[in-house]
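Note sheet for the following structure.
The values are calculated or read from the model by the stated rules, or taken from the named source; none is laboratory data. Nothing here was measured: the structure is a model prediction, and the numbers come from that model. Cβ placement follows ideal geometry from the backbone for every residue including glycine, while neighbour counts extend to all protein chains displayed. The protein model used for the area step is the full one, side chains on, heavy atoms only, and it has no ligands, DNA or RNA in it. Shrake-Rupley method; radii C 1.70, N 1.55, O 1.52, S 1.80 Å.
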Amino acid sequence: GHALSDRVELRKQKWNIKQLELQLRAAEHLVKPRLDLVAAYQVNGFGDQLLGKTGDGITDDGLGNAYATLTRGDQTGWNLGLEFSVPFGLRFAHTQARNLELRLAKAHAALAEAEKEISHELADTFRELDRTYLQMQTNYNRKRTGVRRVEAVKALHQNEPERYTEHSILQALDQLNQIELEYLQSVVEYNVALME
């Protein structure tokens with residue numbers, strides 16, 4: 001579970017897919033008709049002069065200054081309406097949407113391939129872990145057998161010293177040392193496989 005969800009390359013690919021999906025949704029919206037509600041409110045200021053004389057802001061000709069009429073709010077207006085638009089000549093929009101669909105399919109295929117590759121790597125890792133564990137267990141059993149063999153050769157040497165010489169004991173000890181070395185090497189291999 002964690003091997004497929006926590007890998008950086010898979011997370012990057014999933015974010016890439018999400019980004020392409022959002023781009024595709026935006027591109028598909030470009031080819032659809034739009035109906036918008038439009039509203040506006042405005043306050044205007046008219047006058048012969050920008051500032052004019054102070055007071056009521058009305059000059060001799062009756063218009064006054066622009067700031068005075070603006071602050072009184074006498075010149076307001078508002079608009080409300082619907083705006084409907086239908087795009088035509090949609091070749092570019094359709095091409096863009098088709099391109100994004102192809103890129104998205106390619107990204108999904110790349111994600112599936114990466115997940116498949118990671119699952120194969122994971123299976124190989126578990127096979128290697130199993131192999132090294134069995135090798136370690138086999139070498140451990142060989143080591144136990146080697147210890148018993150050395151003890152048996154020592155016992156035989158005490159009973160029949162001319163047939164089982166000290167050379168026989170040394171050979172059994174040498175074989176035991178070789179087996180212990182192989183056992184320790186298999187423990188190291190198992191720990192390396194466990195880390196992977």
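Some observations on this one:
- Residues in the range 114-139 that are hydrophobic (A, V, I, L, M, F, W, C) and either exposed (fewer than 12 other Cβ atoms within 10 Å of the Cβ) or within 26 Å of the chain's Cα centre (by Cα) (or both): 5 in all.
- When Phe88 is tested against (1) within 30 Å of Lys32 (Cα to Cα); (2) of a type outside the set (A, V, I, L, M); (3) surrounded by 11 or more Cβ atoms within 10 Å (Cβ to Cβ), exactly one condition is not met: (3).
- Subset of the range 79-103 [in a strand (DSSP E or B) and of a type in the set (Phe, Trp, Tyr)]: Phe84
- Residue list for the range 10-46, restricted to those being surrounded by 12 or more Cβ atoms within 10 Å (Cβ to Cβ), farther than 30 Å from Ala105 by Cβ and among the hydrophobic types (A, V, I, L, M, F, W, C): Val43, Phe46
- Cβ pairs under 6 Å, 6+ apart, first in the range 52-78 and farther than 25 Å from Ala40 by Cα and part of a loop (DSSP other than H, G, I, E, B), second modelled with pLDDT of 60 or more and hydrophobic (A, V, I, L, M, F, W, C): Gly57/Ala68
- Which numbered condition Asp174 misses (of (1) closer than 30 Å to Glu128 by Cβ; (2) open to solvent by 100 Å² or more (accessible area, probe 1.4 Å); (3) of a type in the set (D, E, K, R)): (1)
Yes or no, residue by residue, for (1) part of a loop (DSSP other than H, G, I, E, B); (2) polar (S, T, N, Q); (3) at pLDDT below 85:
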| residue | (1), (2), (3) |
| --- | --- |
| Gln13 | no, yes, no |
| Asn16 | no, yes, no |
| Leu24 | no, no, no |
| Glu28 | no, no, yes |
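- Residue under evaluation Lys106, criteria (1) over 27 Å from Glu21 (Cβ atoms); (2) open to solvent by 70 Å² or more (accessible area, probe 1.4 Å); (3) part of a helix (DSSP H, G or I), criterion not met: (1)
- Test: residue in the range 69-85 that is under 37 Å from the mean Cα position of the chain (by Cα) and at pLDDT 85 or above: no
- Considering Gly146, Gly81, the condition of being surrounded by 13 or more Cβ atoms within 10 Å (Cβ to Cβ) and either without any contact (Cβ under 8 Å) to a residue 60 or more places away in the chain or small (Gly, Ala, Ser) (or both) is satisfied by Gly146 alone.
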